[in-house]
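Beneath this line is the structure, given in structure tokens, with notes to follow.
Any read-out appearing in this document is the output of simple, stated calculations on the displayed coordinates, not a laboratory observation. Everything quoted here is computed from the prediction, not taken from an experiment. All Cβ positions, even for glycine, are placed from backbone atoms using ideal geometry, and neighbour counts span all protein chains on display.
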């Protein structure tokens, strides 16, 4: 799951940041972040939700390895996955909110669709 943006972070810090964003998005179903981070996060979360559409022990192990948080894995397989089983992708939506006050970075809200 490699991306092209570095976000001024080392690879381990970058992976941790995106993993934490994915966990927050799954637990809260929406997150405010910068446009760049949201566009890197989107394919990761889409793949995780695709994993969650079929509940098998192997898929749970894969999700646990990628997320590292049991509460997020439980919500993914018990709530979000079954809800999305009828959809063929397009599980997330990104809304533009405006610009961040400090540096003018574009801020968006990424959310899981109903």
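Placing a label point 7 Å from the Cα of residue 17 along the Cα-to-Cβ line, the residues of the stretch 23-48 whose backbone N sits under 18 Å from it are 23-25, 31-45. Fully extending the segment from residue 88 to residue 39 would add 15.7 nm, taking 0.36 nm per residue of separation and subtracting the current Cα-Cα distance. Mean residue ellipticity at 222 nm, helices only, the chain: -15500 deg cm²/dmol; runs of at least 4 DSSP H residues each add -39,500 (n - 2.57), and the sum is divided by the number of residues. Taking volume of the Cα convex hull per residue in Å³ as calculated from this structure, the corresponding entry among (i) 132; (ii) 88; (iii) 102 is (iii).
What angle do you read, to the nearest 10 degrees and between 0 and 90, between the alpha-carbon axis of helix 57-67 and the longest principal axis of the chain? Orientation of helix 57-67: about 20 degrees from the principal axis.
The angle separating the long axis of helix 11-28 from the principal Cα axis of greatest extent in the chain is about 60 degrees. Compared with the dominant principal axis of the Cα atoms in the chain, helix 35-52 is inclined by about 0°. When both the stretch 98-114 and the stretch 11-80 are represented by their alpha-carbon centers, they are found 19 Å apart. Multiplying the residue separation of residue 61 and residue 32 by 0.36 nm and removing their Cα-Cα distance gives an extension gain of 7.6 nm.
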